[in-house]
Every structure is written in structure tokens, then in C-alpha cells.
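**Q** Got a structure here, written out as C-alpha cells. Questions coming.
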Amino acid sequence: MTKDPIRTTTDDARDKALQMLAAMRHAVLAVNDAATGHPHLSKIACQIDPSGSPIALLSGLAVHSRALSADPRAALLVETQGGKGDPMTWPRLSLQVKAAMIDDAAGLRARWLEAHPKAAAFIDLPDFRFWRLAPQSGFLNAGFGAAFRLTPADLDIA
């Protein structure tokens, strides 16, 4: 029998994941494309809201927005880039999320523009909406031999 390579989740792993989410400004979003039956990937602007949940500002014209409207199950990949060395050893956090359009985005606009000032050119266009990407589970690869499963509670998201 092969030993499970996934370690017991530690406070250090939780802290690393929270640091990665707090620093996140972009991520890769994977959605289920109903039109093709294949996964679809997009690099998106993304950050956490005051509660710690990832949010994204997405155009309703984009494939990923239409896919999320049809099936809210998605995944989010957050990476920490190292200065040098093998990118496969840099920490990465993969989250299974459930997406929901945010009806009342009060307070998010100013926070978003602070982190993404160039979004001022399109944030008020009628097809752009904020989406909450609520983590359902996560997986942190913090480097060689440092893999951890995470729950929403591990990410301080209830």
C-alpha cells in the first residue's frame, strides 16, 4: 500500500493559504463549458472581499461568465511566483468554488479599483458584474513534499 503524500493540515499551511489569498490579484478560473462539454480556463483579476472570500469582476460577454451562469461549479488556481528557480516548486493553491453573482456590490467598487486601477475603464459598463467564488474545498501545494487539503474553515470562510 502506498503512503498518502498529503500531510495533515497545519496552522502553517492554513496561514500560507490565507497569505496567498490576501496577496491574490489574479488567478486562473476553470469552468464547465456547457457548449462544448470541455473545461474552459481563463486568467482573471481576482481578490478577496472583506470576509475573505475570493471575488472577481467578470464581463457577461465572456465564456466563463456564461458557463458560471449555467453551472456555478468552478475551480480557482492561485499561484505565488518565486524570484527564480523551478516554477513547479513555487506555492500554489487550488480551490473548488461555487460561483454566485453578487447582487448588491456596494463597497466592492472602491476596494476593487484600489487593487486594479485600470479596471476604471470598464467597471461601470453594463455587462460587468462582481461574482463571489465561495470555496468548497482546497488543496495547497506549498512546495516539494508539502501538500495539504483545506476546508472553508481552514480558510476562515464559514
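The values are calculated or read from the model by the stated rules, or taken from the named source; none is laboratory data. This one's a predicted model, so the numbers in the text were calculated from it and none came from an experiment. FYI the Cβ positions are ideal-geometry reconstructions off the backbone, even for glycines, and counts take in every protein chain you see. For accessibility, only protein heavy atoms count, side chains too; no ligands or nucleic acids. Shrake-Rupley method; radii C 1.70, N 1.55, O 1.52, S 1.80 Å.
**Q** Per 0.36 nm of contour for each residue apart, how much would the distance between V63 and R109 grow if the chain were fully extended, relative to their Cα-Cα spacing?
**A** The span from V63 to R109 would gain 14.3 nm if fully extended.
**Q** Please compute the per residue accessible area over the chain with all protein chains in place, 1.4 Å probe, rounded to a whole number of Å².
**A** Using a 1.4 Å probe on heavy atoms only, each residue of the chain averages 59 Å².
**Q** If each residue of separation counts as 0.36 nm, what is the full-extension length gain between V28 and D11 once their alpha-carbon separation is subtracted?
**A** 3.6 nm
**Q** Okay, next question. How large is the convex hull of the C-alpha atoms of the chain per residue, in Å³?
**A** Normalising the Cα hull of the chain by residue number yields 141 Å³.
**Q** Over the range 19-61, what portion of Cα pair distances is larger than 15 Å, expressed as a whole percent?
**A** Summing the P(r) tail past 15 Å for the range 19-61 gives 50 percent.
**Q** Now, a different point. Mind listing the long-range amide H neighbours of I102? Cut-off is under 5 Å, sequence gap 5 or more, other chains count too, H placed in the peptide plane at 1.01 Å from N.
**A** F130, W131, R132
**Q** Modelled label-to-label distance, L41 and M88, 7 Å Cα→beta-carbon offset: nm?
**A** My value for the distance between the label points is 1.5 nm.
**Q** How long are the semi-axes of the ellipsoid equivalent to the range 81-158, from square roots of 5 times the Cα gyration tensor eigenvalues, in whole Å, largest first?
**A** Semi-axes (√(5λ), whole Å): 30, 19, 10.
**Q** Starting from the residue with the highest accessible area, list F144, F128, F122 in decreasing order, probe 1.4 Å.
**A** Accessible-area ranking of F144, F128, F122, largest first: F144, F122, F128.
**Q** Also, I was wondering about something else. Students often get this wrong: which residues of the range 56-80 have the backbone nitrogen under 13 Å from the point 7 angstrom along Cα-to-C-beta of I102?
**A** Only 56-58 fall inside the zone, counting backbone N under 13 Å.
**Q** Where the convex hull is taken over the Cα atoms of the range 1-90, what is its projected area averaged over directions, in nm²?
**A** Over every viewing direction, the Cα hull of the range 1-90 projects on average to 8.9 nm².
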